[in-house]
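Report on the structure given below.
The values are calculated or read from the model by the stated rules, or taken from the named source; none is laboratory data. Because the structure is predicted, anything quoted here is derived from the model rather than measured. Glycine also receives a Cβ, built like all others from the backbone with ideal geometry; neighbour counts cover every protein chain displayed. Accessible surface areas use protein heavy atoms only, side chains included; no ligands, DNA or RNA. Shrake-Rupley method; radii C 1.70, N 1.55, O 1.52, S 1.80 Å.
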Amino acid sequence: MTEEKALLEPAEQTKSEEQVSIPTQLPVLPLKDIVTFPFMIVPLFITREKSVSAVDHALAQNRMILLVSQRDVSVEDPSPEDIYQVGTVGVIMRLLKLPDQKLKILVQGLARAYVRECDAHAGYLTARLETIPEPSVDFTIEVEALVRNVKRNMDRAVELGKSLSPEVMIVLQNLEDPGRLADLTASNLDLKVEDGQKILETIDPVARLRTVNEMLTRELELLDVQQKISIQAKGEIEKSQREYFLRQQLKAIQSELGEGDELAEEINQYRKKLEEASLPEEAREEANRQINRLEHMHPDSAETSTVRNYLDWIVNLPWSTSTEDRLDLTAAQKILDEDHYDLESVKTRILEYLAVLKLKKDLKGPILCFVGPPGVGKTSLGKSIARALGRKFGRMSLGGVHDEAEIRGHRRTYVGAMPGRIIQALRNVGTNNPVIMLDEVDKIGADFRGDPSSALLEVLDPEQNNTFRDNFLGVPFDLSRVLFITTANQLDPIQPAFLDRMEVIRLSGYSETEKLQIAKRYLIPKQLQAHGVSRGEVRFLDSAILTIINSYTREAGLRNLEREIASIFRKVARKLAEGEKGPYRIGRDQIAGYLGVPKIQPEELLKQDQVGIATALAWTPEGGDILFVEAIIMKGKGNLILTGQLGDVMKESAQAAMSYARARAKHFKIPENLFESSDFHIHVPEGAIPKDGPSAGVTMATALISACTSRPVHRDIALTGEITLRGHVLPVGGIKEKVLAARRAKIKKVVLPRANQKHVEDLPVELREEMQFLFVDEVGEVIRIALWPVQESRARTKKNGSKAAA
C-alpha cells in the first residue's frame with residue numbers, strides 16, 4: 001500500500017491549495033487504523049452504510065469529505081465522541097463500486113481542519129470545521145540540519161530493508177518544506193493511530209518534523225535489530241539446509257531399500273512442530289529421543305503407533321501458549337454482574353485475585369471450591385469467571401470417577417493409553433492458563449484402582465503443581481497458571497487433605513426476592529430466546545413468578561423454576577404456531593391454566609399453640625425446611641421412645657434433652673416422680689424421610705419440657721441450635737436456608753444461638769428487616785421465650801377443665 005501513497009509534486013500541491021476553496025461544513029468519514037495527511041493519496045474501502053452515505057453526499061456536492069480517525073477501532077457505529085478533533089479535508093479523486101455494494105475510493109488530502117461541531121445528519125456524521133493554515137517557517141541552520149537528517153534517515157531505512165517506491169524517495173529528496181517533509185515521512189512509516197494523530201495535530205512544521213525524526217530514529221533501531229536477526233537466521237538456515245540435504249540422501253537410500261516415505265514425512269512434521277512449540281528442556285529432550293526412535297522403526301510395527309500417539313500429544317500441548325488476562329476490574333465486575341445476580345462474596349474474591357494479578361504478574365492461581373445446593377449457579381459461575389478474566393474455560397465432571405488414572409493418565413506400556421483428564425482439558429482449550437472447573441468433587445469414588453482425590457492433591461497444590469507429571473507424558477507440565485475451580489454440594493464426603501488445599505466459598509440458596517429478580521433478569525429473557533417468542537408477545541407479572549416459586553417449586557436453586565417457566569413458554573409457542581395472536585399476560589390467576597394444580601403444599605403454622613409441639617428449622621441439600629417435633633408423656637417406667645427415622649446424632653440430641661430436663665426438673669417445676677412413673681415419646685413427622693444432625697436439640701428440649709410442664713409452645717416461633725448437658729446452646733450451620741424456610745411458613749420470630757449472630761448480618765437486608773431474631777446462650781432463655789408463662793398456662797388449663805365439666 002506504500003506505493004499507493006505517492007504524493008503530488010510540490011508545485012502541483014501549491015497550485016491545488018491555491019485553487020481549492022474548502023467549505024466550512026462537510027460530511028465526515030471515520031477511519032480505522034489509519035491517519036491521513038494533507039496531499040497524501042490513499043485508497044479506502046468503504047463498508048459501513050453511514051460512510052457510504054457520506055461519500056454519496058460528497059460526490060453530489062463538491063467531492064470534498066473530512067477524513068477523521070476513530071479513537072477506538074472496535075466501535076462499528078462511531079458517534080461524535082468516538083472521533084478525534086483534528087482531521088484532514090480530502091477530495092475524492094476516483095470511485096469504484098464493488099459487487100458486494102461496497103465502495104473503493106481514492107482520496108487526496110488537502111489541508112488540516114479542526115472539528116468545531118459534529119452531529120449526526122441524514123444517516124451520517126457532518127462537521128462544522130475550521131481549516132488550519134500551514135504556518136510559515138524561518139529556514140535557520142537548525143531547520144536545515146533537521147531536514148537533512150530526516151532525508152538521510154529515510155535513505156538509511158531503505159538500505160535496512162524499508163519498502164519505499166523510488167517515486168516517493170525522489171519526491172522526498174526534492175522537498176525542502178519542513179511541514180510537507182514531515183507529513184510525507186509520517187505517511188510512509190508504520191505508525192500507530194495515536195502516533196499518527198499526534199503528528200497530524202502538531203501544527204508547527206518544525207516541531208512536527210522533530211517529532212517525526214524521533215519516530216524515524218526508533219524505526220531505524222528496529223530495522224537494525226531486524227537485520228541482525230535476519231543474519232543470524234540465515235546462518236541457522238544454512239545449517240538446516242545441510243541437514244536437509246543429508247536427509248534427502250537418507251530418503252533416497254530408504255527408497256532404494258523399498259521403505260516408504262510416509263514415515264519420513266511424519267518425522268519431518270514432528271520436527272517442524274517441535275521447533276515451533278516452546279517446550280521446556282526436559283520435554284524437548286524426551287520428544288527428540290522419541291523422534292529418533294521413530295526414525296529407526298518399521299512403519300507397520302505396533303510400537304510405531306504408540307510413539308506416534310505420544311508425539312501427537314507432546315507437540316500439541318500448550319506449553320507456552322497463554323491468553324492475556326483482562327485486568328480491567330470495572331469490565332470484569334460488569335461481566336460478572338451481567339451473568340449472575342448477587343453472589344457478592346464470589347465476585348469480590350475474583351476481583352481481588354484480578355487486582356493482585358495486576359500488581360504481580362507471576363501470581364499463582366488460587367484453588368476455589370464453590371459449595372452449595374444444586375441449581376444455585378456454581379457451574380455457570382465458572383464460565384462467567386473465565387469470561388471476566390478473558391481466559392479459556394474447560395470443565396470436567398468428576399462425579400462417579402473411581403480410577404486414579406483418570407487424573408494422572410495411563411502409562412504408555414498399556415494398550416490404548418492416554419493422558420489424564422487434566423492434560424486432555426489443557427489440549428482442548430489450547431492455552432496453559434485457562435479456568436478449569438472440576439465439577440462434583442464430593443461425589444468422587446475410590447476402589448482397588450486407586451483414589452482420584454489423592455491424585456488431585458498434587459494438582460490442587462500451588463506449591464507442587466508447577467511440576468505436575470502425567471504418567472503418559474512422563475515429563476513435568478506447569479499447572480501453576482491454571483485457575484482451578486471445584487464445585488460440591490456438601491463438604492462432608494470430601495477428603496480432609498483434599499479440602500485443606502481449597503479455598504471454600506459457600507453459595508447459599510436464594511430467597512424469594514432473589515429468585516424473582518433472577519427470573520426477570522435472566523431466566524425469562526433466556527426462555528424467550530430459546531422458544532423464538534418476542535418480548536412483546538408474553539408479559540410475566542411479578543405475582544405469577546412468585547406463585548411459581550411458592551406453589552410449584554421447592555428448591556434452593558433455580559432449575560425447577562426455569563423448567564416451569566419453560567413449560568409456560570412452550571404452551572404459548574404452541575398457541576402462536578396455531579395462529580392465535582398475543583400478547584399473553586401471565587398473572588397469578590393464569591398460572592394454574594398453564595401448569596395445572598399447585599405441586600407444593602405451602603408450609604403453614606400450627607393452627608393454635610399446643611403443649612408438646614415445637615417448630616424446628618432444618619437444613620437440606622435442596623435448601624431449608626421446617627419440622628414439627630412432638631413430645632407426649634404416658635404411664636411407664638422412664639423410657640425414652642424416638643420415632644421418625646432419626647439418625648444417630650439426632651437420637652443423641654434427644655437423649656441430651658431428656659437428661660437436661662431431668663437434671664433441671666426442680667427449676668422448671670416438673671413433678672419429682674414424673675420421670676420414674678412415665679415414658680416419654682418424641683416423634684418427628686414425615687417418618688419416611690431420614691433426618692439427622694444436632695440442630696434440633698433445642699427444639700426437642702422445648703417440646704419435652706412443654707409436655708412435662710403442660711405449658712403450650714408459641715406456634716409463631718421457630719427454633720434451632722445444638723444443646724449440651726449443661727444447657728448451653730451451641731451454633732449451627734445453614735442459617736440462611738433455615739430462615740428462608742421460616743419465612744415461607746409465615747413465621748416471623750426465629751430463636752438462634754448467639755454465636756450465629758454474625759451469620760444473620762450476612763442475610764439480605766429485606767430478610768433481616770422482615771424477620772425478628774432472638775439470640776440465646778442457654779436453654780433456659782429458650783424456654784422463657786418459646787413457652788407460655790406459668791400463670792397463663794394455669795389459666796388455660798383451668799378454662800379447659802371448666803369447658804370439659806360443662
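A quick yes/no check of all residues on (1) of a type outside the set (A, V, I, L, M, F, W, C); (2) modelled with pLDDT of 85 or more; (3) at positive phi; (4) surrounded by 23 or more Cβ atoms within 10 Å (Cβ to Cβ):
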position	(1), (2), (3), (4)
Gly382	yes, yes, no, yes
Gly394	yes, yes, no, yes
Gly400	yes, no, yes, no
Asp403	yes, no, no, no
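Could you tell me which residue of segment 572-597 is least open to solvent (accessible area, probe 1.4 Å), considering only residues that are among the charged types (D, E, K, R) and either within 24 Å of Gly375 (Cα to Cα) or touching a strand residue (DSSP E or B) at 6+ places or on another chain (Cβ under 9 Å) (or both)?
Restricting attention to segment 572-597, the residues satisfying the condition of being among the charged types (D, E, K, R) are 574-575, 578, 580-581, 585, 588-589.
Then drop every residue that is not either within 24 Å of Gly375 (Cα to Cα) or touching a strand residue (DSSP E or B) at 6+ places or on another chain (Cβ under 9 Å) (or both), which leaves 575, 585.
Numbers: Lys575: 64, Arg585: 139 Å².
Here the residue is Lys575.
Regarding segment 761-773, can at least one residue be identified that is surrounded by 15 or more Cβ atoms within 10 Å (Cβ to Cβ) and in contact with a Phe, Trp or Tyr (Cβ under 8 Å, 6 or more places away or on another chain)?
Start the filter on segment 761-773 by keeping residues that are surrounded by 15 or more Cβ atoms within 10 Å (Cβ to Cβ), which leaves 763-764, 767, 771, 773.
Now restrict to residues that are in contact with a Phe, Trp or Tyr (Cβ under 8 Å, 6 or more places away or on another chain): none.
Within segment 761-773, none of the residues are surrounded by 15 or more Cβ atoms within 10 Å (Cβ to Cβ) and in contact with a Phe, Trp or Tyr (Cβ under 8 Å, 6 or more places away or on another chain).
Restricting attention to segment 641-656, does a residue exist that is in a loop (DSSP other than H, G, I, E, B) and aliphatic (A, V, I, L, M)? Give the steps one after another, and end with the answer.
Quick first cut of segment 641-656, residues in a loop (DSSP other than H, G, I, E, B) only: 644-645, 647.
Filter once more, keeping what is aliphatic (A, V, I, L, M): none.
No: zero hits.
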Return the pair list, or none, for Cβ contacts closer than 6 Å from residues in segment 33-48 that are open to solvent by 20 Å² or more (accessible area, probe 1.4 Å) to residues that are charged (D, E, K, R), at least 6 apart or on different chains. Phe45/Lys104; Thr47/Lys102
Please tell me if Ser136 is more than 20 Å from Ile203 (Cα to Cα), modelled with pLDDT under 90 and open to solvent by 10 Å² or more (accessible area, probe 1.4 Å). no
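Please work out which residue is surrounded by the most Cβ atoms within 10 Å (Cβ to Cβ), limiting yourself to segment 650-667 and to residues that are under 57 Å from the mean Cα position of the chain (by Cα) and either hydrophobic (A, V, I, L, M, F, W, C) or at positive phi (or both). First the steps, then the outcome.
Let us first name the residues in segment 650-667 that are under 57 Å from the mean Cα position of the chain (by Cα), namely 650-664.
Subset that is either hydrophobic (A, V, I, L, M, F, W, C) or at positive phi (or both): 650, 654, 656-658, 661, 663.
Details: Met650: 22, Ala654: 24, Ala656: 20, Ala657: 29, Met658: 20, Ala661: 26, Ala663: 12.
For segment 650-667, the residue satisfying everything is Ala657.
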Tally the residues that are open to solvent by 100 Å² or more (accessible area, probe 1.4 Å), free of Cβ contacts under 8 Å to residues at least 12 places away in the same chain and not β-branched (Val, Ile, Thr), restricting the search to segment 214-256. 14
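Tell me the helices (runs of 4 or more DSSP H) entirely within segment 728-799 that contain at least 3 residues that are over 32 Å from the mean Cα position of the chain (by Cα) and at pLDDT 90 or above.
Working: elements: 735-744, 757-760, 765-770, 779-786.
Result: 779-786.
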In segment 190-213, how many are closer than 17 Å to Arg156 by Cα, open to solvent by 10 Å² or more (accessible area, probe 1.4 Å) and over 40 Å from the mean Cα position of the chain (by Cα)? 1
The lone condition Val346 fails out of (1) out of contact with any Phe, Trp or Tyr (no Cβ under 9 Å at 6 or more places or on another chain); (2) closer than 18 Å to Leu483 by Cβ is (1)
Would you confirm whether or not segment 509-518 contains a residue that is basic (Lys, Arg) and either modelled with pLDDT under 85 or open to solvent by less than 60 Å² (accessible area, probe 1.4 Å) (or both)? yes
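Just to be sure before I move on: is Arg412 assigned to a helix (DSSP H, G or I) and either modelled with pLDDT of 90 or more or open to solvent by 50 Å² or more (accessible area, probe 1.4 Å) (or both) in the structure I sent? Walk me through it before giving the result.
Numbers: assigned to a helix (DSSP H, G or I): no; either modelled with pLDDT of 90 or more or open to solvent by 50 Å² or more (accessible area, probe 1.4 Å) (or both): yes.
Criteria not met by Arg412.
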Cβ-Cβ under 8 Å, sequence separation 6+ or interchain: first residue in segment 666-680 and touching a residue at least 60 places away in the same chain (Cβ under 8 Å), partner open to solvent by less than 100 Å² (accessible area, probe 1.4 Å) and not in a loop (DSSP other than H, G, I, E, B). Which pairs? His667/Gly780; Phe668/Ala661; Phe668/Ile705; Phe668/Cys708; Phe668/Thr709; Phe668/Ile783; Lys669/Thr709; Lys669/Val790
Looking only at segment 384-398, decide whether some residue is of a type outside the set (Lys, Arg), more than 18 Å from the chain's Cα centre (by Cα) and part of a loop (DSSP other than H, G, I, E, B). yes
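Could you check segment 673-698 and list, in sequence order, the residues that are β-branched (Val, Ile, Thr) and within 43 Å of the chain's Cα centre (by Cα)? Quick ask: steps written out before the conclusion?
Of all residues in segment 673-698, those β-branched (Val, Ile, Thr) come to 682, 684, 689, 698.
Those that are β-branched (Val, Ile, Thr) and within 43 Å of the chain's Cα centre (by Cα): Ile689, Val698.
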Only one of (1) within 23 Å of Arg559 (Cβ to Cβ); (2) of a type in the set (A, V, I, L, M, F, W, C); (3) touching a helix residue (DSSP H, G or I) at 6+ places or on another chain (Cβ under 7 Å) fails for Ile407. Which number is that? (1)
Which condition does Val572 not pass, out of (1) in contact with a Phe, Trp or Tyr (Cβ under 6 Å, 6 or more places away or on another chain); (2) assigned to a strand (DSSP E or B); (3) among the aliphatic types (A, V, I, L, M), if it passes all the others? (2)
Any idea which of Val371, Val315, Val307 is touching a residue at least 60 places away in the same chain (Cβ under 8 Å) and open to solvent by less than 20 Å² (accessible area, probe 1.4 Å)? Val371
What's the total number of residues in segment 731-757 that are open to solvent by less than 10 Å² (accessible area, probe 1.4 Å) and closer than 15 Å to Gly697 by Cβ? 5
Being touching a Pro at 6+ places or on another chain (Cβ under 6 Å) and more than 30 Å from Lys736 (Cα to Cα), is that true of even one residue in segment 485-503? no
Matching residues in segment 474-500 - criterion: being crowded, with 21+ Cβ neighbours inside 10 Å and either more than 30 Å from Asp342 (Cα to Cα) or among the charged types (D, E, K, R) (or both): Phe477, Leu479
Look at Ala355 and say whether it is outside any loop (DSSP other than H, G, I, E, B), open to solvent by less than 30 Å² (accessible area, probe 1.4 Å), modelled with pLDDT of 85 or more and among the small types (Gly, Ala, Ser). no
Count of segment 310-352 residues which are under 29 Å from Lys273 (Cα atoms), assigned to a helix (DSSP H, G or I) and in contact with a strand residue (DSSP E or B) (Cβ under 8 Å, 6 or more places away or on another chain): 0
